[in-house]
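Structure first, commentary second.
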């Protein structure tokens, strides 16, 4: 059995002892002493133990990983024993690595070289090679000739390297493998990397030591297993820097209900201005790109001239150069304030930020910590942050989040398991390098933590797809590998294999931007008014009104990569523009909020007691507690407060009948529950049902809804089977299928020297989707798209848990009839419908519409 | 003259009893084109087509001619042996359902530059008569692909135009539900009756004239055209004028 074990920090002396005199001297001319992180990590790495180092940001992690390794290399270099091979690989998900590397690697190396020369010590050169997507051909050729001793790379480039014979030779005796920012790899990119690492191990003569570096993340044991794979030991160094978090919560004005008014908007910017004024550099996180632009715009509007040249934005749709420019200005201290969506959460050192403002909820404790950790990035500064909330749900949510942050209750991350699209790409990559024995190949794959339970069936299903079996008589056209069932061997097919693999590998789906073009009124026809991203487009239905660049538009239809709209509409906005970018509320945090609701509910009778309780429980001030009290009081008076033990279901009527479920479990769980219940409702009446989902609940709306029957129907059935049917006709499944099809190389982004646009990929995948469904409803890549929707996009496991709570009576159902939506449900309803669960098939719909139509025509003729 | 809508196809019985089956744009070989550009897609269209035609011939029996309204093949740039064979066997299959002395007429479309090669190959190996023309006029009906105008179509004895090229389809809406169906568009233009035939191509329904130009060579008043939606099992539903459809 592999052991996962927590370790304590070593003593400074112990670490000092292992350092070569030269390295020791260098270190102590630069630093007073080892950092706590170094005391935890350096000696264990020196002792060649696999280790996961988890420390809050600003914990000198990178140098921790490198110090022991540099020490080893310097010793070899001094003895003239350095070989021409790669000793260590440093892998980071960030492409813009050069700054970190020069600080943590190139700097120290050249300083030690100078020191060695001073002492007239002869030392071989220690070479560092950088290999990312941006590395030029000549640099690559240089590396191929002379191996760098330390190779700095990304997950994608590492996979490419594994198919190049020359570099593979240089890697065969690799000794250290560093995975930085492992907390940012709990996704398909990480799954992909885990297989790449196993492939690397399968060619290694010695087992390289794996070193994982992570910010605060939970559960550490899982991340450790993910790092080392199956059957290997791993140490965990949980570095608890005694950093005190300074965090508070506030909203503009005195009444949170009024924050939507114009006056209060002014208050918001006054409030932000004051924060900026009181600090040297302020970083504001907004969650969405649109909000980022808005903040900058209004700060300038309310304080003319004040912020010119002192404010910057940083978000993912900006060009690399623009972002780099902002990062540089930050490091130089030229900016007073930077507004970012999510892009500044990760990695790269951004200089001295002294406060982080969290505008709207960051939706998870670890994300909130990561964000405020950007302030006080230097070792001994305390991170400082402030929540600025703008509505009542956010107030409660951020209040509870703040409590968890202060009490260090970190919510946990999940890593996708058995992803078949990533598997397909890796099997192809493996087949390119040699002819494999099938069992050996499966063995290598199963050593990855993400595939340890991969079934033989799934494995051979993917092999079948790659071998072209699904195309039946035309297998030769489509096959990427061959599989000899008698000899039990697998190999590549086609001369182009390596090129196809190298130009198409990777797991990050390409998202397209859609131009918004005005179709009416006539005088504006043809104007392009801006761009929206594809995932937002996906949410739009004909007739929806949305905001872009401060103006309202009504959506008509799309054509290729263009969306046609009507400008100058007076209607109410039906889809908020941040919809698609919305981060889902973490399940554990959602449950914490449920518990908090319950505790408040118990004490609601005495206003004083409740307010005191809230203040103490959430570590907040009077104003916050009073507003939370008001919100709860209203809900209790109107309907009932839902909590961790009570699922309140409200029935009310607007133009249709509504069932609103106050299920505070986060939108991933609610998405699964809503679709299952809507499917049940649809099945019972054989009609389509509309749904709306947010983190705090969901509604279904239609005709003749019977909550009792609906709940019982779902309770008695397998959620997975219901969802499989319920998502079958959704756009989201089609879009995810496109991503999976690209990952599994069914659609090649780049082929015969030509790149396909996202629009073309989308169109092609539409055909492909139709074709694949005709081939087999259980086609592995289609199954993977379903898995991704159910497990990654939704959270079927926790949804199942909620259903179990209902089944066993631990979660009681409280049915309420209300004249209209209750206070707790208001945000959900305002946000509008989000999808339709289709029950009626196309042919039946056509017939019914025809009958309806005949009636209309008939009545007119009378 | 009798006109019958048979699923995606049009069936015309002339005054003299001559039976004509009309088939819209087929875009055969689309899958191969995708495959050549790096999209793994099986070859399903051909088999599906044969299945569909079987149903059609059960419904209407043998015919005297089959008019293909152009864009039969998506492109012939690098068509492989297999693709050629598919088309040849489609023609063979057609002749099994065409009376003696009957023929296939193809009105050339914008995608059909290389079609002549296939037709020649077929002529070499088979007795069946295939005509490849820009437009075809018989019994008061003018058939053409639809991307190009031609004076002859305005001849007085021509009463009806039958056109392809446009891929017409219409969206039906109820609340937030939207579904699109292939359709025939039937109307009038300068005293001629017009029938626009939906594409036979399987993977997409087509374009809604309320949202997109259909690319035909004439400015038709589609709002006043009748819409006939194609359902399953060769059913076709009359929905009246397009402008009345919500």
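Things worth noting here:
- Rg to Rh, two decimals, where region A:1-136 supplies the alpha carbon set and Rh follows Kirkwood: 0.96
- Angle between chain A longest axis and helix A:456-466 axis [Cα atoms, degrees, rounded to 10]: 90
- In summary, the convex hull built on the alpha carbon positions of region A:572-706 has an orientation-averaged projected area of 9.7 nm².
- Taking the longest Cα principal axis of chain A as reference, the axis of helix A:758-775 is set at about 80 degrees.
- The calculated FRET efficiency for the pair residue B:177 and residue A:270, based on their C-beta separation and a Förster distance of 60 Å, comes to about 0.85.
- Two-decimal log10 I(q)/I(0) for the protein assembly as shown, as the Debye equation yields it once each C-alpha is a single scatterer, q = 0.04, 0.05, 0.08, 0.10 Å⁻¹: -0.26, -0.40, -0.98, -1.38
- Virtual spin-label span in nm between residue A:715 and residue B:110, 7 Å along Cα→Cβ: 6.0
- Cα gyration tensor shape of region A:4-238, rounded if a/c is under 1.5, else prolate or oblate by comparing a/b with b/c: oblate
- On the beta carbon distance between residue A:654 and residue B:92, with R0 = 51 Å, the FRET formula returns roughly 0.25.
- Judged by the ratio a/c of the largest to the smallest principal axis of the C-alpha gyration tensor, region B:120-233 counts as oblate, that ratio being 1.5 or greater while a/b is no larger than b/c.
- Sites residue A:310 and residue A:616, calculated FRET efficiency, Cβ-Cβ separation with R0 30 Å, nearest 0.05: 0.15
- Rounded to the nearest 10 degrees, the inclination of helix A:587-603 to the longest alpha-carbon principal axis of chain A is 50 degrees.
- Summarising the strand pairing of chain A, around 40 percent of its internal DSSP beta bridges are antiparallel.
- Extended-chain gain in nm, criterion 0.36 nm per residue less alpha-carbon gap, residue A:437 and residue A:814: 129.8 nm
- Averaged over A:274-283, number of beta-carbon atoms from partner chains that fall within 10 Å: 0
- Potential lengthening of the chain between residue A:752 and residue A:599 amounts to 48.7 nm, from the contour at 0.36 nm per residue minus the alpha-carbon distance.
- Region A:383-435: mean projected area of Cα convex hull, nm²: 7.5
- Structure-based [θ]222 nm, chain A - -39500 (n - 2.57) summed over DSSP H runs of at least 4, per residue, nearest 500: -13500 deg cm²/dmol
- With one equal scatterer per alpha carbon and no solvent term, the Debye-computed log10 I(q)/I(0) for region A:58-194 at 0.11, 0.13, 0.22 1/Å reads -0.40, -0.56, -1.50.
- Inter-label distance, nm, simple model (7 Å from Cα along the C-beta direction), residue A:508/residue A:841: 4.2
- Note on residue B:50 and residue A:854: the model spin-label points, each 7 Å out from Cα along the C-beta direction, lie 3.7 nm apart.
- Per-residue mean of C-beta atoms belonging to partner chains within 10 Å, peptide B:191-204: 1
- Percent of Cα pairs in region A:762-830 per distance bin of 5 Å, from zero to the largest separation: 3, 12, 11, 12, 14, 13, 10, 10, 11, 5, 0.
- Kirkwood-type hydrodynamic radius, region A:513-567: 10.8 Å, calculated from all non-identical alpha-carbon pairs.
- Tensor-based shape of region A:246-406 (alpha-carbon gyration tensor, a/c under 1.5 rounded, otherwise prolate or oblate): oblate
- Ranked packing of A:166-175, A:44-53, A:6-15, most packed first, by mean Cβ within 10 Å: A:44-53, A:166-175, A:6-15
- Potential extension, residue A:562-residue A:706 segment - 0.36 nm per residue separation minus Cα distance: 47.7 nm
- Per-residue packing, averaged as other Cβ atoms within 10 Å, sorts the ranges A:763-771, A:18-26 into the order A:763-771, A:18-26, beginning with the highest.
- Cα-based Rg / Dmax (Å) for chain B: 17.6, 56
- Projected onto planes of every orientation and averaged, the convex hull of the alpha-carbon atoms in region A:719-776 covers 4.5 nm².
- Normalised convex hull volume, region A:128-277, alpha-carbon set, Å³ per residue: 212
We did not get these values from a lab; they are worked out from the coordinates using the rules stated. Quick caveat: nothing in here was measured; it's all calculated off a predicted structure. Methodologically, a virtual Cβ is constructed for each residue, glycine included, from the backbone with ideal geometry; neighbour enumeration extends over all protein chains shown.
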